[in-house]
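The values are calculated or read from the model by the stated rules, or taken from the named source; none is laboratory data. Please read these numbers as outputs of a predicted model, since none were measured by experiment. Quick reminder, even Gly has a Cβ in these numbers, built from the backbone with ideal geometry, and neighbours come from all protein chains shown. SASA here: full protein model, heavy atoms, side chains in, ligands and nucleic acids out. Shrake-Rupley method; radii C 1.70, N 1.55, O 1.52, S 1.80 Å.
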Amino acid sequence: MISLQVNGHTVQVDAAPDTPLLWVLRENLKLTGSKFGCGIAACGACTVHVGGNAVRSCSYPLSAVGSQPVTTIEAIAADPVGKAVQVAWIKHDVPQCGYCQSGQVMTAVDFLKKKRHPNEAEVVAAMGGNLCRCGSYQRIKEAVLDASNSLV
Ligand code: FES
Ligand code: FES
């Protein structure tokens, strides 16, 4: 058994150390908000926070988590920046199919925690690694900028 801190709770997980974190979240813990897209750290659909940093959980082994807290989309509204991003996402009606969106939100929250008031080009650069097959990029950009403006 491996002990993890996930969304503020201590959980015990019966999984091999090399299991990707995404598998543990979705299969063991039934936190299915984080999605499997590519499985090779290329699309961002599986993005969660480990130790306060956005990581691609499809390619992040359980053994690398250690005592670092894990936050998933299921708990992001409990964070002030996460809440601001969630509100902006709803206001701008960002998702189309929605598949990529939890990863988009997790990347946006990590970015805004580190760069509270970015310019447009910085937003585009920061979000550029998260792919959206539906092409919601314009609304993602507007929502990140709006969330930024709502934060002091
Ligand atoms: S599923 Fe992890 S980056 Fe694509
Ligand atoms: S909203 Fe469909 S993949 Fe992004």
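Applying the condition of being surrounded by fewer than 17 Cβ atoms within 10 Å (Cβ to Cβ), within 10 Å of ligand 1 (Cβ to nearest atom) and of a type in the set (A, V, I, L, M, F, W, C) to the stretch 12-40 and asking which residue is nearest to M1 (Cα to Cα) yields F36.
For the stretch 71-79, state whether one or more residues are assigned to a loop (DSSP other than H, G, I, E, B), more than 16 Å from ligand 2 (Cβ to nearest atom) and not small (G, A, S). Yes: the stretch 71-79 contains one or more residues that are assigned to a loop (DSSP other than H, G, I, E, B), more than 16 Å from ligand 2 (Cβ to nearest atom) and not small (G, A, S).
Residue-wise test of (1) in the same structural domain as K141 (by the TED database); (2) over 14 Å from the mean Cα position of the chain (by Cα).
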site: G39; (1), (2): no, yes
site: T47; (1), (2): no, no
site: G52; (1), (2): no, no
site: R56; (1), (2): no, no
site: G82; (1), (2): yes, no
site: V85; (1), (2): yes, no
site: W89; (1), (2): yes, no
site: Y99; (1), (2): yes, no
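Is it true that G8 is more than 16 Å from ligand 1 (Cβ to nearest atom) and touching a Lys or Arg at 6+ places or on another chain (Cβ under 9 Å)? Considered against the rule, which asks whether it is more than 16 Å from ligand 1 (Cβ to nearest atom) and touching a Lys or Arg at 6+ places or on another chain (Cβ under 9 Å), G8 comes out as no. Here S63 does not qualify as buried (at least 23 other Cβ atoms within 10 Å of the Cβ) and either in the same structural domain as L25 (by the TED database) or within 16 Å of ligand 1 (Cβ to nearest atom) (or both). Screening Q68 with (1) more than 16 Å from ligand 1 (Cβ to nearest atom); (2) open to solvent by less than 40 Å² (accessible area, probe 1.4 Å); (3) in the same structural domain as L21 (by the TED database) gives one miss only, at (2).
Just so you know, in the stretch 96-152 the residues that are away from ligand 1 (no atom under 16 Å from the Cβ) and in contact with a Gly (Cβ under 8 Å, 6 or more places away or on another chain) include one that is farthest from T32 (Cα to Cα), and it is K113. In the set (1) within 16 Å of ligand 1 (Cβ to nearest atom); (2) in a helix (DSSP H, G or I), the condition left unmet by A54 is number (2). Check the stretch 112-126 and report whether any residue there is touching a residue at least 40 places away in the same chain (Cβ under 8 Å), touching a helix residue (DSSP H, G or I) at 6+ places or on another chain (Cβ under 9 Å) and aliphatic (A, V, I, L, M). Within the stretch 112-126, not a single residue is touching a residue at least 40 places away in the same chain (Cβ under 8 Å), touching a helix residue (DSSP H, G or I) at 6+ places or on another chain (Cβ under 9 Å) and aliphatic (A, V, I, L, M). Considering (1) open to solvent by 70 Å² or more (accessible area, probe 1.4 Å); (2) closer than 24 Å to R26 by Cβ, the lone condition that S136 does not fulfil carries the number (1).
Within the stretch 92-138, work out how many residues are away from ligand 2 (no atom under 12 Å from the Cβ) and hydroxyl-bearing (S, T, Y). Total meeting the criteria: 1.
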